[in-house]
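Working notes, beginning with the structure itself.
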Amino acid sequence: MADTGDSSTLPKTLNFNVGVLGHVDSGKTSLARALSSTASTAAFDKNPQSKERGITLDLGFSAFTVPLPEHMKEACRDARDREYDSLQFTLVDCPGHASLIRTIIGGAQIIDLMMLVVDIVKGMQTQTAECLLIGQLTCSRMVVILNKTDLLPSDKRQAAIDKMTKRMHKTLENTRFKGCPVVAVAAKPGGPEAPDTQEAQGIPELIELLKAQAFLPRRDPSGSLLMAVDHCFSIRGQGTVITGTILQGSLSVNDTVEIPALKVTRKVKSVQMFRKPVPSAMQGDRVGVCVTQFDPKLLERGVVCTPGSLQTLYAAIISVQKIEYYRGALSSRAKFHITIGHETVMARISFFIRVLPDNACGDGSLNSQEQSSNSFSFDWEFHHLDEYLTVGERREPQQWALLEFERPVTCPSLCLVIGSRLDSDIHGNTCRLAFQGKLLEGFEDKNYTETALPRLKISKDKQKEGAVERVTDDYTVIGRNLFKKETNLQLFVGLKVTLSTGETGSIEGSFGQSGKIKIRIPEGLKEETKQLLTSSSKKKGKGGTKNESSKSEETKQDPQTVTIHLNFKRYIYDPHKKMVQS
């Protein structure tokens, strides 16, 4: 890989990434092969296991180039963008096998347009639906490909295509892809075993459709470099080539880049785009980057970045939204597979919701600035949720979650987060994608539970109930059954309590060694309360203290018992375990 130096003599090509997603064995790789004229190093699945089984196990990349369509020339002029000579479609062939959803999510984050490949004989299947969901989270445009039309009897073919097209439009009606184009092809007539002499059907029409659907993607060369790496290999005498797609920023020959997973930096010796040397590349481009003194076995997938620009996190706070097709419960303390950046890791989740301040609108909502789903502040008060809050037909309130990772993950800020249950039955007819969100805060300190979490004001409501044992004077009563013998009662001194008869008081301190407390009633006890307490203590008689614990159960049912109610909240991450009352 040699640097050509002068960029002005090179033809300028705009790169446009097209994801090829769909159910296993729907013919995605055959379609990519039929479309592509230039295969990259990672094309058509180099994995021997895939070749054997005829299915894709990794992201494959290939490309074909067409003259820049007229509508895109106009878009370039309107945007005062640089002039391009041609449009390169880079096809990202994502695996269809259910257990490889991690790889699909990784691939979906680098695509501008998605091709959803559907086997016309089988129609939509569970994994096709999951691919559609990932598409909804990660890109704005889609084309549906009805593949394997050669398997339909020729006399019934058109009727079957029309029927499936109608069905696909119905399926997509309530998604962001409503009304998207549907095209029928036979990418590999006769199936994978058929000789290559059989020509693919419908491909020229598909290329015309892709040209019409292509748009000028927003590309920004500024900011720090982030490149998603999918393959690594060495070239004798030259160095190691790292191939991938630039997600943000730009890259030039002689730049220094970091491989954060390995904590190493390397100098860029040369850059290529589909075997053509280039001096630099930017966001959206697919590149091969040559570095020296690096063992390719150390990095297969992952990221390369500007040194020091990525964070390695032990825990994170995310905005969270349940995926409506997920049927399971989203419970706090449960573990999910979290795909974040280009990694998938197990994490324990805890859900919480904001305690609305006084500037909430009449309907309980916040003003638009406060309400942004990607905003979060350590100054806000939150309430712990045992499980994600769903409210039927109405729009769910904004919710957040704390993720505690089983191992540290390296990722950019504000990146997409997807939670899944990848351990559920891959053959089951259920959606395994559970929730999605954005990374809002990351904790890079290994001791985040002590250094960072105390700043997070998430409270739990607590209630305790006991009974008045006796009156000592008009302003003081002794309470029991509110606390255990071993409770540190000093933590509760000064808290307000309410008697079932209406009086309010505060806890003055312990009384004796058995967990009893002394309660001060500043306004004094009502006359009827004193009478009630006097008559109930007379009723007990002299044997009243014989069997305290069994009696306590009885007195709970006794209509003459005066109960004590203590309501407070405790901040989950407060190291001092303080009780707070509003």
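State which entries of LYS166/LYS322; LYS446/LYS577; LYS178/LYS322; LYS28/LYS322; LYS178/LYS460; LYS516/LYS578 exceed 32 angstrom in Cα-Cα distance in the structure shown.
The answer is LYS178/LYS460.
In segment 374-459, which trypsin sites (Lys or Arg not before Pro) fall in coil by DSSP and have 12 or fewer other Cβ atoms within 10 Å?
In loop regions of segment 374-459 (DSSP not H, G, I, E or B), the sparsely surrounded trypsin sites (Lys or Arg not before Pro) are ARG394, ARG395, LYS446.
How much accessible area does VAL345 have with a 1.4 Å probe, in Å² rounded to the nearest 10?
For VAL345, the solvent-accessible surface is approximately 10 Å².
In nm, to one decimal, how far is the modelled label at LYS166 from the one at ASP473, with both set 7 Å along Cα→Cβ?
8.9
What residues qualify as long-range amide H neighbours of VAL185, i.e. H under 5 Å apart, gap of 5 or more or another chain, H built at 1.01 Å from N?
LEU146, ASN147, LYS148, THR149
Quick check for you: with a 1.4 Å probe and neighbouring chains kept, what is the accessible area per residue of segment 118-252, in Å²?
Here the residues of segment 118-252 average 49 Å² of exposed surface.
Where the centroid of each part is defined by its Cα atoms, how far is segment 565-582 from segment 121-140 in Å?
46
How many nm separate the modelled label positions at PHE233 and ASN254, each set 7 Å beyond the Cα in the direction of the Cβ?
Taking the two extended label points, one gets 3.0 nm.
Measuring from label point to label point, each 7 Å out along Cα→Cβ, what is the ILE203 to PHE215 span in nm?
That separation, rounded to one decimal, is 2.9 nm.
Please report the base-10 log of the normalised intensity I(q)/I(0) for segment 167-252, using a Debye sum with one equal scatterer per alpha carbon and no solvent, at each q in 0.24 (1/Å).
For segment 167-252 at q = 0.24 Å⁻¹, log10 I(q)/I(0) is -1.06.
Find, among the trypsin sites (Lys or Arg not before Pro) in segment 231-279, those assigned to loop by DSSP (not H, G, I, E, B) with at most 15 other beta-carbon atoms within 10 angstrom.
When the trypsin sites (Lys or Arg not before Pro) of segment 231-279 are filtered for loop state and at most 15 Cβ neighbours within 10 Å, ARG236, LYS263, ARG275 remain.
Got a sec? What order do THR339, THR171 fall in by accessible area at 1.4 Å, biggest, i.e. largest, first?
The ordering from most to least exposed comes out as THR171, THR339.
So what J values fall out for segment 460-471 if you push phi through Karplus, 6.51 cos²θ - 1.76 cosθ + 1.60 with θ = phi - 60°, rounded to Hz, Gly and Pro as x?
Karplus-based 3J(HN,Hα) across segment 460-471 equals 10, 7, 10, 10, 10, 9, x, 9, 7, 8, 6, 9 Hz.
So, R0 is 60 Å and r is the distance between the beta-carbons of ARG395 and ARG275; what FRET efficiency does that work out to, to 0.05?
For ARG395 and ARG275, the calculated efficiency is 0.75.
Can you list the HN-Hα couplings for segment 228-243, worked out from phi with the Karplus curve (6.51, -1.76, 1.60; θ = phi - 60°), rounded to whole Hz and with x for Gly and Pro?
With the stated coefficients, segment 228-243 comes to 7, 9, 10, 8, 8, 8, 9, 10, 4, x, 10, x, 10, 9, 9, 10 Hz.
The values are calculated or read from the model by the stated rules, or taken from the named source; none is laboratory data. As the structure is a computational prediction, the values presented were derived from the model and not from experiment. A quick note on method: Cβ atoms are made from the backbone with ideal geometry, for glycine too, and the neighbour counts reach across all protein chains shown. Note: areas computed on protein heavy atoms with side chains; ligands, DNA, RNA excluded. Shrake-Rupley method; radii C 1.70, N 1.55, O 1.52, S 1.80 Å.
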